[in-house]
Amino acid sequence: MRKLWIVGAVVSSLVLAACGATASINQAVSSIGSSPNLQVHLTAGASGTGSARAQGILSALSVDMRYASTSGGALSQSTGHVNSEFTINDDAQTMVDLRQVGTDLYVRIDVTALANIPEVGVSAQQLASLQLLFGGRWFEFSEDLLKSYVPTTTINAAQTSKEQAAVRAMLDALSALIEKTPYKTLASGGYSQTGTLDSVVKAVLPALDSYTGKTFTPSTVKGTYDIGFTMSGATATGGSLAITAPNGTNGDATVSLHASLTHDTQPVVAPSGATVITDAMLTQLLSQVRGASSPLG
């Protein structure tokens, strides 16, 4: 669920509506979690000075996230009852597939797709060794095994409340900035806007100062942002963000992120035939990975 609300925060911060920023943000977040299912497709790009290598990598990659309530209720009301899936793709080929089903984690890795990404820095020998090790197979990690490797942390309720208040204050500041900056209405439904990065920094600084207890006085931030937000009726369907800023002394570069949102009925289920990983097997697997990825391996 944490990823779900990260997506919600990003999308809601892109909202541009004349009916009022607070109402728009609430509507956007509400629509994202109002269905039992959510699919998010993310792509990125780069252009401008010095961006050729980044564009070569980003243009080949995409990320998909899927969330499915196991109770049949809205995602926003299904805490603890949501299965999720996260994939990293090279064009139509999935390189990494992570699924959380119930309390267990399932992982499948196909490293052959890495060969299609320019300048990824992995040799053919390393790819062959890693592919032989993983072979596109599913591996299952139980909750107990994961807990034994992940340090236990105690979440302080007061600190959590403070962090949530800071995020809320930053979103409110961004909403106020967006609402007072000129924007365009999209014919397809939604809005777009261009503004300065300096105005964004100045807008969120008071909230950041309040949260940290320190006063930041950054110099003028050069560059601009372009954001877009699309809706179908009252349902959020996508968002985009592009940031353009000086890249060295030879010109500007732009990095962009695009997200599309759908609510199709797509259950997230455990894959069949997964190899159940034990503590001893995990230790051996990690040792083999280090050997396969070594330049001398």
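Give me the one-decimal nm value for the distance between modelled label points at Ala169 and Ser260, 7 Å along each residue's Cα-to-Cβ direction.
About 3.9 nm separates the two model spin labels.
Tell me the label-point distance for the pair Ala74, Gln39, using the 7 Å Cα-to-Cβ offset, in nm and rounded to one decimal.
2.2
Taking Lys184 as the anchor, which aspartates and glutamates have their alpha carbon closer than 18 Å to its alpha carbon, excluding any fewer than eight residues away along the same chain?
Output for Lys184: Asp226.
So how far apart, in nm, are the two label points at Ser30 and Lys162 if each is 7 Å from Cα heading toward Cβ?
Each label point lies 7 Å from its Cα, and together they span 3.2 nm.
Could you give P(r) for the range 153-231, binned at 5 Å from zero, as whole percent values over all Cα-Cα pairs?
In order of increasing distance, the bins hold 3, 14, 18, 19, 16, 12, 9, 6, 2, 0 percent.
Cut-off under 17 Å on the C-alpha distance; same-chain residues fewer than 8 positions from Lys147 excluded. Which aspartates and glutamates are left, in chain and number order?
Asp104, Asp279
Which order do Met231, Met281 fall in if you start with the one that has the fewest other Cβ atoms within 10 Å?
With the sparsest Cβ surroundings first, the list reads Met281, Met231.
Since every read-out is calculated from the coordinates, none of them should be taken as a lab result. This structure is a prediction, so every number in the text was calculated from the model and none was measured. Note: ideal-geometry Cβ built from the backbone for every residue, glycine included; neighbour counts use all protein chains shown.
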